[in-house]
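Trainee: Quick one: this structure, given as structure tokens, is what I'll be asking you about.
Throughout, read-outs are computed from the coordinates displayed, never taken from laboratory work. These numbers come from a predicted model, not from an experiment. All Cβ positions, glycine included, derive from the backbone under ideal geometry; neighbour counts span all protein chains shown.
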Amino acid sequence: MNLTTIDYTFIFIFFSITLGIGIWVSKKSKQSTSEYFLSGRNMPWWLLGVSMVATTFSTDTPNLVTDIVRTNGVSGNWVWWAFLLTGMLTVFIYAKLWRKSQSTTDLEFYELRYGGKPAKFLRGFRSLYLGIFFNVLAMAGVTLAAIKIGEVMLGLTPIQTIGIASVVTVIFSAIGGFKGVVYTDFLLFFVAMIGAVGAAVVAVNHPQIDGLENLLTHPNVVDKLSILPDFSNKELLISIFIIPLAVQWWSAWYPGAEPGGGGYIAQRMLASKDENHAIGATFFFNILHYALRPWPWIIVALASLVVFPDLASIKEAFPNVSDDKLGHDLAYPAMLTFLPSGLAGVVLTSLVAAYMSTISTHLNWGASYIVNDFYKQNINPNANEKTLVNVGKLATVVLMIFSAILALLFTNALEIFKFILMFGAGTGLIFLLRWFWWRINAWSEISAMVASGIFSLIFYFNSEYLFGNEGVFESYWQFPLVVLCTTIVWVLVTILTKPEDDEVLINFYKKIQPKKAGWKYVLDKAKEQNVSLEDEKETVNLGNGLLATFTGCVLVFSSLFATGNWIYGNYVLASGLTVIALISVFVLLKLWKKIRVNFL
């Protein structure tokens, strides 16, 4: 790609504004860890919602979608579309619970819900397990995508790309804290969307395609268009549709799609003004994330099948790309090399924006775990706020270095996506039930975490024998088996170990006020001790919450599929889906009056 003066000017202005915001908010961010990691818990829903979607708008996401579409067609995206189910549960059930907990991080929740040494160990271990191991994996996927973009679009070596991209991001993240991340996310989202739409328009009008109609009727594309998988292809149907919808969404831990909320999604809920703003932020995020963003990426991916029909054609066009980085995900940055001057600068800036948004969030989130849930709890309990903020800045730099090194070892984003899903398989049900069933204890989570890791490694390293063409099981059984084995382990451990102390359970119920049905034992114990809990109002209206969850899913999926059918020219079906979306909006407005929290 040949960048002109106008392209470089646009990129320079963007970097200047981003760093300027970080410097502007840095003074207040230094005041305390609450400011540095949560911005004083005073953020509005619309700003947090945009921040959530900007964070998941990373450089690896369009590459991942391109890989999926080129491999399994548009329907292959069900492997991540299915996470809408847990997203909507978070909106209408768990957002209020998280905000009411008043935790600094979602890991602080452990010593609210559980007690004693197991709770302390769980909090400390998961702070490193998630804050470093999983977090670095996720950031490595984003950085890997940046490396590929740098190789294809600019001819940069991996080291050059990492050096340029990471230095600006880590400086900005370290000095600005959470408020700097959220404020710049608002700018980054719009730049990224403009870039994505612009790239789709240019891709459709490529000389080898010459318009949307030609694209949709091209032989390389026709069999990739269906939103639903081929029901006659049993293996594909089960692996990309049935398992994600039946098992994956509630059972797997994945950054940004944790069952019941967690990670940087929980961080933003905890930073909101109140429970209503927490609900609004997560709902806004799910609409933008699933209904608005996918189609520009999908269109570019489909266009790439015409211009670069196979890996050999990509390699021929970009011989400087190293063999260990060659994959279908390269087709996205390859299509961007056709952008005209001016738009090239906008799109490249949008990719930089996507990278910075995601990495800065992961750095701040991971540092919050290391500082609040490990350093402060286990190393220096008496540390003052200035020391804690400085440790957070140091952790930010170290996390960036680890992720950059790991990025050099991976091949494609889909590989990392599947690896993270597998390692979190079977733990998700605990995250959903621990708010509503008193019997779950710290050992439930510890055993699930350990079992998931062990079974994932067993099945991963023996996958050829167990799940190969002549293996014991079909390949699609790999994920469900990890879920099944992990679930059996943690349920048995829960039954065989002692429940949490009555005092811990009573205090948790008194603060959170979950549903009474799963806490009858605790209510009875409180009554014996003359502790009044019965008169407290339940935080969650489970019936209306589940109905709103279903309606929200109908709204987002009908909007997503209506957009696709408008693009495909299926106007009758698109009109019907649009009507369903509008009806869903009306129903949700009625339900909102019953779900929202009245603070008056």
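Trainee: What's the longest piece of the chain with no exposed GluC sites (Glu not before Pro), counting a site as exposed if DSSP puts it in a loop and it has at most 10 other beta carbons within 10 Å?
Mentor: Values: sites that count: Glu470, Glu534.
Of all site-free stretches, the longest is 1-469.
Trainee: Okay, which of segment 547-563 sit inside 13 Å, backbone N to the point 7 Å along the Cα-Cβ direction of Lys594?
Mentor: Residues 547-551 qualify, since their backbone N sits under 13 Å from the label point.
Trainee: Indicate the gyration tensor shape class of segment 351-396 (rounded, prolate or oblate), computed on the Cα atoms with a ≥ b ≥ c the square roots of the eigenvalues: a/c under 1.5 is rounded; otherwise a/b larger than b/c is prolate and the rest oblate. Mind showing how you got there, number by number?
Mentor: Values: a/c = 4.53, a/b = 2.70, b/c = 1.68.
Since a/c reaches 1.5 and a/b is larger than b/c, the shape of segment 351-396 is classed as prolate.
Trainee: Now for a different question. Suppose each label sits 7 Å from its Cα in the direction of the beta carbon; what would the Leu112-Lys234 distance come out to in nanometres?
Mentor: Computed distance between label sites Leu112 and Lys234 equals 4.8 nm.
Trainee: Normalised by the number of residues in segment 478-600, what is the relative contact order in percent for Cα pairs under 8 Å and 6+ residues apart?
Mentor: Answer for segment 478-600 is 19 percent.
Trainee: In whole Hz, what ³J(HN,Hα) sequence does segment 570-584 give by Karplus (6.51, -1.76, 1.60; θ = phi - 60°), x for Gly and Pro?
Mentor: 8, 5, 5, 5, 4, 5, x, 5, 5, 4, 4, 4, 5, 5, 4
Trainee: Would you work out the charge dipole size for the chain about its Cα centre, treating the Cβ of every Lys and Arg as +1 and the Cβ of every Asp and Glu as -1, and quote it to the nearest 20 debye?
Mentor: 2060 debye
Trainee: Then there is this: Of Lys120/Lys527; Lys96/Lys117; Lys179/Lys393; Lys376/Lys515, which sit over 25 Å apart, Cα to Cα?
Mentor: From the list (Lys120/Lys527; Lys96/Lys117; Lys179/Lys393; Lys376/Lys515), the Cα-Cα distance tops 25 Å for Lys120/Lys527; Lys96/Lys117; Lys376/Lys515.
Trainee: Show me the three semi-axes of the equivalent ellipsoid for segment 275-413, from the C-alpha gyration tensor (sqrt of 5 times each eigenvalue), largest first, rounded to whole Å.
Mentor: 38, 22, 13
Trainee: Name the residue farthest towards the positive end of the dipole of the chain from the options Tyr129, Trp45, Ile370, assuming +1 on Cβ of Lys and Arg, -1 on Cβ of Asp and Glu, about the Cα centre.
Mentor: Trp45
Trainee: If I model a spin label at Val398 and Ile458 as a point 7 Å from the Cα along the Cα→Cβ vector, what separation in nanometres do I get?
Mentor: Label at Val398, label at Ile458, 3.3 nm between them.
Trainee: Tell me which label goes with the value of P(r) over Cα pairs in 10 Å bins from 0, in percent computed from the coordinates here: (i) 3, 15, 22, 23, 20, 12, 4, 1, 0; (ii) 3, 14, 22, 22, 17, 11, 7, 3, 1, 0; (iii) 3, 17, 28, 28, 17, 6, 1, 0.
Mentor: (iii)
Trainee: So which aspartates and glutamates pass the test for Lys516, namely a Cα distance under 15 Å, with those fewer than 8 places away in the same chain ruled out?
Mentor: Cα-Cα hits under 15 Å: Asp524, Glu534, Asp535, Glu536, Glu538.
Trainee: Also: What list of whole percents do you get for P(r) of segment 35-161, with Cα-Cα distances grouped in 5 Å bins up to the one holding the largest distance?
Mentor: In whole percents, the pair-distance histogram is 2, 8, 10, 15, 18, 17, 12, 9, 6, 2, 0.
Trainee: Relative contact order, percent, of the chain when contacts are C-alpha pairs under 8 Å separated by at least 6 residues? Can you show the working numbers first?
Mentor: Details: 975 pairs, mean separation 157.9, N = 600.
Relative CO of the chain lands at 26 percent.
Trainee: Express the relative contact order of segment 290-344 as a whole percentage, based on alpha carbon pairs under 8 Å and six or more residues apart in sequence.
Mentor: Value for segment 290-344: 36 percent.
Trainee: Which angle between 0 and 90 degrees, to the nearest 10, do you get for helix 478-496 versus the longest principal axis of the chain when only C-alpha atoms count?
Mentor: 10 degrees
Trainee: Once a ≥ b ≥ c are taken as the square roots of the eigenvalues of the Cα gyration tensor of segment 487-600, is the result rounded (a/c under 1.5), prolate (a/b larger than b/c) or oblate (a/b not larger than b/c)?
Mentor: Because a/c hits 1.5 or more and a/b fails to exceed b/c, segment 487-600 counts as oblate.
Trainee: Below 29 Å, Cα to Cα, which lysines can Lys315 reach? Residues fewer than 8 away in the same chain don't count.
Mentor: Lys148, Lys224, Lys325, Lys418
Trainee: Let me ask something else. Kindly express, to the nearest 10 degrees and within the range 0 to 90, the angle between helix 60-72's C-alpha long axis and the longest C-alpha principal axis of the chain.
Mentor: 70 degrees
Trainee: Now a separate question. Any idea which of Phe57, Ile401, His218 is furthest toward the positive side of the dipole for segment 5-413, if Lys and Arg beta-carbons carry +1 and Asp and Glu beta-carbons -1?
Mentor: Toward the positive end, the furthest listed residue is Ile401.
Trainee: Output the 0 to 90 degree angle, nearest 10, between the alpha-carbon long axis of helix 502-512 and the longest principal axis computed from the alpha carbons of the chain.
Mentor: 50 degrees
Trainee: Hey, what number do you get for the chain at 222 nm if only DSSP H runs of n ≥ 4 count, each worth -39500 (n - 2.57), divided across all residues, to the nearest 500?
Mentor: The helix contribution divided over the chain gives -21000 deg cm²/dmol.
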